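These notes concern the structure reproduced below.
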Amino acid sequence: MTQQHRIDIEQNKAERIELLRAQRLFYARAKNYQSLFATLALALPLLGVLFGARAPWIRPYLGLASILILLLDVGVFSRKQREDCRRGAKVQEQFDTEVLGMPWNRLVAGGRVDAEEIREITSGPLIPEEQARLEDWYEPIVAGLPLAVGRIFCQRTNVTYDMRVRKEYAGILFWFAIVLWVTLSVFGLLQGLNVEGLLLTMYVPALPVTAFLLREHRKQNDTIETLTTLKTEVDKLWEKALSGSSAEELTLNSRAIQDAIYRHRATNPLVFDWLYSRLRARNEDVTRHAAEKLVAEAEQKLKSPEVQ
């Protein structure tokens, strides 16, 4: 890798850390809207469990609240989520293009997020714990590879890390939906509710949270399918890199891969931060182990006379 541009150095510059911080905060704000909807939606079946059998008068209001929450999600929460997701994706794209040494593709990503918006959302103090999480975004071992090859390595890391988290989350969503409905049915039967009572007290109030769980489960699976296809393309490009393809060809192909990564980030369903935190240690260990193997493989093959 040239001394003029090293991924391991570029990613830890103050202006790059600011971009990563802005990206996380934009996504965090989008997740706050999602969390608010999920909390309101989950509160309705809980109210049904606690008061539905003893206070039948509450049942119509629970049904009305379900409709209002669904409309609120469609009319307000989803729109605001999309706006902040796009901002987060653009800021991440700016980080990647600067760190990985690629031109900005305005045709795909549009204009950059204004510097004023980035400053506004990152104006609070940066605590040491947060800075430590943002540093070395890509494995520093990438420094041992030529830029055109290291870039592909980083793109592969983006795809595989995201895929692992989403597979875990999709399973949680599916099983939570099943457990929720079984629990509501059991509580309703124990309280002596008939079919009409179950519908009005338990099932109708649970519609918003169930719609959320099933919708997110489907979206996560669709995203995993997209990421699987994208990983296949990155792996093909990695093999081309190790077979001695020119830096110009690899850079052109990497830009196309990056376009797909940006589109994915701008439209993908969100994953709650608590799951990222829960899986962080394991995923970083897996990523580090894979990085060591891939970089060692690349260094060996790139030194081979056949690829000179």
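The values are calculated or read from the model by the stated rules, or taken from the named source; none is laboratory data. If you're wondering where the values come from, they're calculated on a predicted model, not measured in any experiment. Neighbour counts are summed over all protein chains in view; Cβ atoms, including those assigned to glycine, are modelled from backbone coordinates with ideal geometry. When the accessible area is computed, the model is the full protein with side chains, heavy atoms only, and any ligands, DNA or RNA have been set aside. Shrake-Rupley method; radii C 1.70, N 1.55, O 1.52, S 1.80 Å.
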If you go through Glu239, Glu233, Glu225, the only one that is assigned to a helix (DSSP H, G or I), surrounded by 14 or more Cβ atoms within 10 Å (Cβ to Cβ) and modelled with pLDDT of 90 or more is Glu233
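Conditions tested, residue by residue: (1) among the acidic types (Asp, Glu); (2) under 21 Å from Gln81 (Cα atoms); (3) over 20 Å from the mean Cα position of the chain (by Cα); (4) part of a helix (DSSP H, G or I).
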residue	(1), (2), (3), (4)
Gly171	no, no, no, yes
Thr183	no, no, yes, yes
Val186	no, no, yes, yes
Leu189	no, no, yes, yes
Thr210	no, yes, yes, yes
Glu216	yes, yes, no, yes
With the condition kept exactly as written, say whether any residue in region 208-215 is more than 30 Å from Leu44 (Cα to Cα), surrounded by 16 or more Cβ atoms within 10 Å (Cβ to Cβ) and at pLDDT 90 or above. no
Note on Arg151: of the conditions (1) part of a helix (DSSP H, G or I); (2) closer than 16 Å to Asp8 by Cβ; (3) open to solvent by 30 Å² or more (accessible area, probe 1.4 Å), unmet is (3)
Just one listed residue, out of Asn283, Asn253, is farther than 29 Å from Leu72 by Cα, polar (S, T, N, Q) and open to solvent by 20 Å² or more (accessible area, probe 1.4 Å), and it is Asn253
Among the residues of region 95-123, the number that are open to solvent by less than 70 Å² (accessible area, probe 1.4 Å), in contact with a helix residue (DSSP H, G or I) (Cβ under 6 Å, 6 or more places away or on another chain) and farther than 20 Å from Asn253 by Cβ is 5
When restricted to Glu299, Glu196, the only residue part of a helix (DSSP H, G or I), open to solvent by less than 80 Å² (accessible area, probe 1.4 Å) and either in contact with a Lys or Arg (Cβ under 7 Å, 6 or more places away or on another chain) or among the charged types (D, E, K, R) (or both) is Glu299
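Yes/no matrix, rows are residues, columns are (1) in contact (Cβ under 8 Å) with a residue 24 or more places away in the chain; (2) of a type in the set (Asp, Glu):
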residue	(1), (2)
Ile7	yes, no
Glu18	yes, yes
Arg29	yes, no
Phe37	yes, no
Ala43	no, no
_For the structure I just gave you, tell me whether Lys219 is basic (Lys, Arg) and in contact with a Pro (Cβ under 6 Å, 6 or more places away or on another chain)._
yes
